[in-house]
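This report refers to the structure that appears directly beneath it.
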Amino acid sequence: MKKAEFNRGKIKKIILSDLGWDEYFESSFAPYKNNYIAGRVACRQRTHYEVYIKGGYVRAGISGALKKAGKSPAVGDFAVILYQSETENYTIVNILPRKTEFSRGVSKNEGQNQIIAANVDIVFIVTSAGKDLNPRRLERYLSLVYSSGAKPVIIINKSDLSKSPDELLEKISSVCTDVSILTISALNKTGIKQLDSYLKPGITIALIGSSGVGKSTLINTLLKDYVQETCDVREYDEKGHHKTTVRQMFLLSGGGVVIDNPGLREVGIGTSGEGLSETFSDIKEFSQYCRFSDCRHKNEPGCAVIKAVSDGNISKERLETYLQLKSELRFEQEKSEIGLSRMEKKKWKSINATSRDIENIKKRMREL
Ligand SMILES: Nc1nc2c(ncn2[C@@H]2O[C@H](COP(=O)(O)OP(=O)(O)OP(=O)(O)O)[C@@H](O)[C@H]2O)c(=O)[nH]1
Ligand SMILES: [Mg+2]
Ligand SMILES: [Zn+2]
């Protein structure tokens, strides 16, 4: 088995079920079972992928057919791999259907959301004591996580920098009524035990948050090893310079996997409205009592949401973020529809071009 240059910590023998492989994937892998091997994408490099397979991990390329189909494996994907013993090459030939898809929420290329990671169960939204701790930012992150299908947990790191951890909790508790908030110090290794209940065999956890909040430091603490380079304490200046540039997956000694991500510069909203209604369930609750069923909660008479703000039940800033995110959502949805229709046009263009080619060939044949 080829050795990759990444430090993956002390890896024991890999069992795919510790990595989240279950009946769902087993059944979609069934048609490939006899000739292919299954693996999970750990990291995407410029020229190849690093993939965990039963027993270890390998470097793999992707097949031309997959590239042609425009499919690109994301970290966390379960893949169908062809092993050619003559050349000792591993090639990803297909991606098994995803359970969850975690995207940045910013659409790129023809309205498709950019996938950050696939098959994530829990997202640790990492923030830190200091100016990163911001309820408005958390609302954005929460909407994104909810729309991915994963469960969010908020981690306030660097509690050692605060005199009163309770104050930290208080600052954001209003935005996260149904979400667990854990206060830790990844550097001093305090509060880490609270994470134990999430770190289980078969469970995939992704860490997201701004640059410099301590995601990679937390990975190192969880793995009890220095697998990820972190920003030097002396050179760190809260300006958010990116240290981690490659997204990758690590295995925990008790089973389960964690994915470290580069700090997110831009947090979009995606095209799914579900994330918004879950994040702002209080606003949704009040909106049932608005006079108009299509109330936009801006200046309509009989708006129960605006009343809730003036009664002090919802903060003004929270409503503002909600309205802002809602308009971004509408924009992203429209963009995605335009993207789809553009793709549809492209498809017809290529179909027409192909039939033109066929006609030309036929014509030339007749002329011969
Ligand atoms: N005081 C304190 N500093 C911490 C803690 N955790 C991390 N740091 C420091 O914060 C800085 C940034 O940590 P990283 O782990 O590199 O942050 P990151 O979130 O991975 O950043 P990116 O990779 O750029 O996204 C480093 O100097 C860490 O030593 C903590 O619990 N307390
Ligand atoms: Mg990092
Ligand atoms: Zn209203």
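The values are calculated or read from the model by the stated rules, or taken from the named source; none is laboratory data. All figures in this text were calculated on a predicted structure; none of them were measured in a lab. Positions of Cβ are backbone-derived with ideal geometry, glycine not excepted, and every protein chain shown enters the neighbour counts.
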Legend entry - Candidate set from region 245-254 (those that are touching a residue at least 24 places away in the same chain (Cβ under 8 Å) and over 14 Å from Lys224 (Cα atoms)); member that is nearest to ligand 3 (Cβ to nearest atom): Arg247
Inset, instruction - Filter region 90-117 down to the residues that are in a strand (DSSP E or B) and at pLDDT 95 or above, then identify the one that is surrounded by the fewest Cβ atoms within 10 Å (Cβ to Cβ). - result: Val93
Inset, instruction - May I ask you to say which residue of Ile259, Ile219 is modelled with pLDDT of 85 or more, under 20 Å from the mean Cα position of the chain (by Cα), buried (at least 18 other Cβ atoms within 10 Å of the Cβ) and assigned to a strand (DSSP E or B)? - result: Ile259
Inset, instruction - Pairs only if they're at least six apart or on different chains, beta carbon under 6 angstrom, first in region 130-145 and aliphatic (A, V, I, L, M), second modelled with pLDDT of 85 or more and in a loop (DSSP other than H, G, I, E, B); list them, first residue then second. - result: none
Inset, instruction - Taking Asp225 as meeting all but one of (1) outside any helix (DSSP H, G or I); (2) acidic (Asp, Glu); (3) more than 29 Å from Glu101 (Cβ to Cβ); (4) near ligand 1 (Cβ under 10 Å from one of its atoms), write down the number of the exception. - result: (4)
Inset, instruction - Would you check which residues across region 146-170 are farther than 13 Å from Ile208 by Cβ, surrounded by 24 or more Cβ atoms within 10 Å (Cβ to Cβ) and free of Cβ contacts under 8 Å to residues at least 60 places away in the same chain and list them? - result: Ile156, Lys158
Inset, instruction - Quick one: Phe124 ticks every box in (1) out of contact with any Leu (no Cβ under 7 Å at 6 or more places or on another chain); (2) assigned by TED's automatic domain parsing to the domain that holds Ile154 except a single one, so which number is it? - result: (1)
